[in-house]
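Okay, structure first, notes after.
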Amino acid sequence: MSPCLLSLPVELQLQILEAFDIHTLSNMQLTHPHFSNVVKHYETSISKRILYKQLFHAKWDFPFASEFTFCNISNLTANYDTMDSIMCIVFELPFPMFRATRIPIRMYSRLIYTGLILLYQLQERTDDEKVTFLQSSKRDPILAMKFAIWVCQIGFYERCLHRMEFPKELVSCMIRFMGGTNEIHSWEPTFSFFQGLERAFVEASYRYGPNYMLSALQDDPFPHP
């Protein structure tokens, strides 16, 4: 570590540190005990500046996550990464609706992204608060959440049908969310099978949010809480 950097006033060191992301800051703490002490001592100050400069819109997107800690920033960054991953997967799929109408793609993108943010906000509430939130919400927020879930659900079907199979572990987990059995023995694509699958997907999406939806799009079994 350069002695010149260590000899700078703490105020200048903080200005340098706040330009990095959380992952880089964590690595910098390993480079020298001095930086480890500075980062730990000024965690609140550094976190506040990172939130205001790098994640300035987070206070509107995630009003519940207001703590100035590295853990909170890591969680917020992971949320944005999850939403970005969902958007990339969704718009790679051949949705005729996105191309058959005169509505610009960016309008669909905004609607889906807004729905994902609202689903994250929903996860910060208790079950009773979720019911109250859904019942008291106007039509537009509900529409955004439903559209985001519907698009991810179609994307999940598209991937499964393309491979001509449903990932058993993931679907078993989805059925378990609805209080069903842990194992699925009948995999015939009947109407009742898809109907139950649809209810399970929607219920799990409302209950566990975008993290679950991404796991479905990536064929990654979502752990039962």
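Summary of values
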read-out: Of the criteria (1) farther than 19 Å from T114 by Cα; (2) assigned to a helix (DSSP H, G or I), which one S66 fails; value: (2)
read-out: Residues that are within 21 Å of A65 (Cα to Cα) and without any contact (Cβ under 8 Å) to a residue 60 or more places away in the chain, drawn from segment 138-162; value: P141
read-out: Residue in segment 78-99 that is farther than 18 Å from V151 by Cβ and among the basic types (K, R) present; value: no
read-out: Residue match in segment 39-48 (condition: closer than 30 Å to M213 by Cβ, surrounded by fewer than 13 Cβ atoms within 10 Å (Cβ to Cβ) and of a type in the set (K, R)); value: no
read-out: Candidate set from segment 1-38 (those that are of a type in the set (D, E) and under 21 Å from S66 (Cβ atoms)); member that is surrounded by the most Cβ atoms within 10 Å (Cβ to Cβ); value: E18
read-out: In segment 57-75, residue farthest from Y42 (Cα to Cα) [restricted to those that are of a type in the set (G, A, S) and modelled with pLDDT of 80 or more]; value: A58
read-out: Selection within segment 14-51 - part of a loop (DSSP other than H, G, I, E, B) and not hydrophobic (A, V, I, L, M, F, W, C); value: E18, D21, Q29, T31, H32, Y42
read-out: Close pairs from segment 196-211: first over 14 Å from G155 (Cα atoms), partner assigned to a helix (DSSP H, G or I) and aliphatic (A, V, I, L, M), Cβ under 6 Å, at least 6 apart; value: A200/M174; A200/I175; A204/M174; G209/L119
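Rundown of residues vs (1) crowded, with 16+ Cβ neighbours inside 10 Å; (2) touching a strand residue (DSSP E or B) at 6+ places or on another chain (Cβ under 7 Å); (3) within 26 Å of S215 (Cβ to Cβ); (4) at pLDDT below 80, yes/no style:
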| site | (1), (2), (3), (4) |
| --- | --- |
| C88 | no, no, yes, no |
| T101 | no, no, no, yes |
| R106 | no, no, no, yes |
| R110 | no, no, yes, no |
| G115 | yes, no, yes, no |
| L118 | yes, no, yes, no |
| T126 | no, no, yes, no |
| V131 | no, no, yes, yes |
| I142 | no, no, yes, no |
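The values are calculated or read from the model by the stated rules, or taken from the named source; none is laboratory data. From a predicted model like this one, the values you see are computed outputs, not experimental measurements. Neighbour counts run over all protein chains shown; Cβ positions are idealised from the backbone, glycine included.
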